[in-house]
1. Among the residues of the stretch 36-43, is any without any contact (Cβ under 8 Å) to a residue 12 or more places away in the chain, farther than 12 Å from Leu11 by Cα, in a helix (DSSP H, G or I) and out of contact with any Pro (no Cβ under 9 Å at 6 or more places or on another chain)?
2. Just for the stretch 11-35: of the residues that are without any contact (Cβ under 8 Å) to a residue 24 or more places away in the chain and of a type in the set (Gly, Ala, Ser), which one is farthest from Leu64 (Cα to Cα)?
3. All but one of (1) buried (at least 17 other Cβ atoms within 10 Å of the Cβ); (2) over 14 Å from Pro10 (Cα atoms); (3) not aromatic (Phe, Trp, Tyr) hold for Asp48, so report the exception by its number.
4. Restricting to the stretch 51-69, and then to whatever is closer than 16 Å to Ala13 by Cα and without any contact (Cβ under 8 Å) to a residue 24 or more places away in the chain, can you tell me which residue is nearest to the chain's Cα centre (by Cα)?
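Only the coordinates and a few stated rules stand behind these numbers; no lab work does. Predicted, not measured: the structure shown is a model, and the values here were computed from it. All Cβ positions, even for glycine, are placed from backbone atoms using ideal geometry, and neighbour counts span all protein chains on display.
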Amino acid sequence: MTTTVAPTAPLTAEDRCDRCGAQAYLRVELASGGELLFCAHHAREHGDRLKEIAVAVQDETHKLTTKPTSAAD
């Protein structure tokens, strides 16, 4: 899914997928002013449809593969 980064606050562990309740890594801003949050799994599953209705998409799925730095670094 190719996305643009919307100028909004970063997603946190408190942001939950609207489909299953897992941690959200994708925020979709709609023309109506609403937003949808999705985990990576549901973002991939509904990606084609989301591209059709999205005004902006904030994709933070890269956080799933980025290795966190340790406190000693």
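1. At the first step, the residues of the stretch 36-43 found to be without any contact (Cβ under 8 Å) to a residue 12 or more places away in the chain are none.
No, that holds for no residue.
2. Ser32
3. (1)
4. Within the stretch 51-69, the first condition is being closer than 16 Å to Ala13 by Cα, and the residues that meet it are 58-66, 68.
Within this subset, residues satisfying the condition of being without any contact (Cβ under 8 Å) to a residue 24 or more places away in the chain are 62, 65-66, 68.
Values: His62: 10, Thr65: 14, Thr66: 15, Pro68: 19 Å.
Across the stretch 51-69, the extreme among qualifying residues is His62.
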